[in-house]
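Working notes, structure below.
The values are calculated or read from the model by the stated rules, or taken from the named source; none is laboratory data. Since this is a predicted model, take the numbers as computed values, not measurements. Because the Cβ atoms are built from the backbone with ideal geometry, glycine has one as well, and the counts that use them run over all protein chains shown.
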């Protein structure tokens, strides 16, 4: 019985699509960051070690970057860029506890 459950569990794990695995999210995130790094404003943000950490480790920022169409909006809409920069800076202030 235990062997059957173990085999069933293994079969389930093998059945799962790879898009559910966490490493795929990291690959998507790095792809978006590399795409946006071609923009000067984002490159300055990413080169600053304070904000680079927030870009790669803050859940709110990651969710924003991984939304479909957000990379395109960040490249071409100045208002969205300003909101994103403000969000990253606000999340940094929360992270270091300066508020």
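Here is how the numbers come out for the structure above:
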{"item": "Residue that is nearest to the chain's Cα centre (by Cα) [pool: residues in segment 57-80 that are under 17 Å from residue 90 (Cβ atoms) and surrounded by 12 or more Cβ atoms within 10 Å (Cβ to Cβ)]", "result": "62"}
{"item": "Search result, residues across segment 61-79 that are part of a helix (DSSP H, G or I) and more than 19 Å from residue 31 (Cβ to Cβ)", "result": "78, 79"}
{"item": "The listed residue being assigned to a helix (DSSP H, G or I) and modelled with pLDDT under 85, out of 29, 14, 55", "result": "14"}
{"item": "Qualifying positions in segment 36-51 - part of a helix (DSSP H, G or I) and under 19 Å from residue 82 (Cβ atoms)", "result": "36, 40, 41, 42, 43, 44, 45, 46, 47, 50, 51"}
